[in-house]
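The values are calculated or read from the model by the stated rules, or taken from the named source; none is laboratory data. All values reported here derive from a predicted model rather than from experimental measurement. Glycine gets a Cβ as well: all are built from the backbone with ideal geometry, and neighbour counts include every protein chain shown.
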Amino acid sequence: MGTVCIYFFGLDSNLAKTMGRELGDEFEFRQCDSLELPKDTGEVDRWADVILVDLTEVGCDGNLDAGFALMGQVNKLQQPPPIVGILGGENRRLEVRAIEHGAFDTISGPPNLNELRVVLRRANKFRQAELELARLRGEQTGPRQVCDLIGASRPMQEVFGMAEKVAGYDINVLITGETGTGKELLARAIHRMSPRRNAAFVAFSCVNLPETLIEDELFGHERGAFTGAVTVRRGRVEAADGGTLFLDEIGDVGVGLQPKLLRVLQERTFERLGNNRTQTVNIRVLSATNQDLQSLVQQSKFREDLYYRLNVVEIHLPPLRERKDDIQYLAQHFLERFAKQFGKDVRRFSPWALHALEEYDWPGNVRELSNTIERAVALTQGASIDVWHLTRSARDVSKAAVLARTYEGEVREFKRRLILRTLRECGWRKAESARMLGVARTYLHRLINQLDIHEEQPIDGEEPELSETPQHLI
């Protein structure tokens, strides 16, 4: 592991000198005896791996806002380093406020140097991972946008490619996918790329509607066709003449109405309710469903001939949990849209918030993500969205997963290095190593197997600095 560059902001010069002297050669230390960024901010985001902010003295002077303002300025940098705040003793309320203002982690002051080293190393690992991720993302071609659909993942590239292929031909397309994946957006994209782009796009959702109401909506009615029909009404089929008719949740259409819909697809003809005169239309039909139509066909709930008429080409929209590479681009797209709509200067997500968004499974798919970002933009008061601004489901589930994974990884690595060091010092004699560690020999054997430790295995980085063996971690 290379040198970790620490940029310290604080008013206590003695603390700065002590930390700079005691942290050791692993850390390079620079001090700023104020709570303001230098004029050359590039010195911070290009040089520093971790920002250390002393909030103990400013808290005593009642100038805590200055420390938080500094943290906000750091988080506005192009590639902001993680921030570690030094607090004046155990203060849960202040700890939460620091995290809300963009701190990666906090430590109670005066800091224990061994504990501080661990926190700084963890923050540096996070920083290096973020830089590597940014590098890899920079090597990608970036997200692609087809009308209002955005995606950089392989599944979405396949969807875009198929949509472009079928758009130019007057064939029926069945779009499948879970609720909230953007099926209507894909249908609109196909329409806009088709020769019918200058004509009408008429959308109608069949979900949970009575069959008589769906029939009236689709085909219209004549005056006096039923009680309350006081005027002639054009249906959606007629309104889409020359353009595209999109039928959402087509699986909810009742079996009694399906023959009439099949006639529209086969012959492009229909009759209004209360009128026997046949009318001809020139339409293209796109449909969508979140149900398994083949299963409905086998259950005799959906006509097989209608299914094959609708499904000349099928395009499946993957759920968001299967295209997590797209979450960052979709989230940024929604952030910019709602920031403009609400007139707010919100420009980015904190690292924790972005990780939280990517960890969550999004059962409501893109629609749920959009609602979450809309809420976050409305709640935040700064330029950055943090994990606290997310909905409870996304915040709790995803942050717990990220923190649990980080904690478990740190503990596992600590155990591995400690046991490996002890085994080396004891010449790989298991009994003697177990006595030094204060554990049973059988338990040591189990740990060696679990941690995949082998003789002469190198120790990554420096060994943990311990005054005594913390047996509770073993």
So if I check each of Ser300, Ser295, which one is assigned to a helix (DSSP H, G or I) and in the same structural domain as Glu267 (by TED's automatic domain parsing)? Ser295
Looking at (1) out of contact with any helix residue (DSSP H, G or I) (no Cβ under 6 Å at 6 or more places or on another chain); (2) of a type in the set (Val, Ile, Thr); (3) closer than 22 Å to Ala163 by Cα, find the lone condition where Thr269 falls short. (3)
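Going by the structure shown, is Thr391 under 41 Å from the mean Cα position of the chain (by Cα), modelled with pLDDT under 60 and either closer than 30 Å to Glu100 by Cα or not assigned by TED's automatic domain parsing to the domain that holds Ala98 (or both)? Step through it out loud before you land on a result.
Details: under 41 Å from the mean Cα position of the chain (by Cα): yes; modelled with pLDDT under 60: no; either closer than 30 Å to Glu100 by Cα or not assigned by TED's automatic domain parsing to the domain that holds Ala98 (or both): yes.
Criteria not met by Thr391.
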If you scan the range 267-299, which residues turn out to be free of Cβ contacts under 8 Å to residues at least 40 places away in the same chain and either on the phi > 0 side of the Ramachandran plot or touching a His at 6+ places or on another chain (Cβ under 7 Å) (or both)? Arg268
Give me the pairs, please: first residue somewhere in the range 92-106 and in a helix (DSSP H, G or I), second residue anywhere and polar (S, T, N, Q), beta-carbon distance under 6 Å, and either six or more positions apart or on two chains. Glu95/Thr106; Ala98/Thr106
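Considering the range 185-217 alone, what residues qualify as being farther than 13 Å from Gly243 by Cα and either in contact with a Leu (Cβ under 7 Å, 6 or more places away or on another chain) or at pLDDT 95 or above (or both)?
Leu185, Leu186, Ala189, Phe204, Cys206, Glu211, Ile214, Glu215, Asp216
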Against the condition more than 25 Å from the chain's Cα centre (by Cα), under 30 Å from Ala152 (Cβ atoms) and either aliphatic (A, V, I, L, M) or crowded, with 20+ Cβ neighbours inside 10 Å (or both), how does Ser350 come out, does it pass? no
Just one of (1) touching a residue at least 60 places away in the same chain (Cβ under 8 Å); (2) under 24 Å from Asp170 (Cβ atoms) trips up Leu306, so point out which. (1)
Can you tell me which residue within the range 361-392, out of those that are outside any loop (DSSP other than H, G, I, E, B) and of a type in the set (Gly, Ala, Ser), is surrounded by the fewest Cβ atoms within 10 Å (Cβ to Cβ)? Ala378
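Report yes if Ile327 is not assigned by TED's automatic domain parsing to the domain that holds Ala203 and not acidic (Asp, Glu), otherwise no.
For Ile327, the condition - not assigned by TED's automatic domain parsing to the domain that holds Ala203 and not acidic (Asp, Glu) - is met.
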Quick check, is Val44 at pLDDT below 85, outside any strand (DSSP E or B), buried (at least 18 other Cβ atoms within 10 Å of the Cβ) and out of contact with any strand residue (DSSP E or B) (no Cβ under 7 Å at 6 or more places or on another chain)? no
Within the range 404-423, work out how many residues are surrounded by 13 or more Cβ atoms within 10 Å (Cβ to Cβ) and at pLDDT below 80. 8
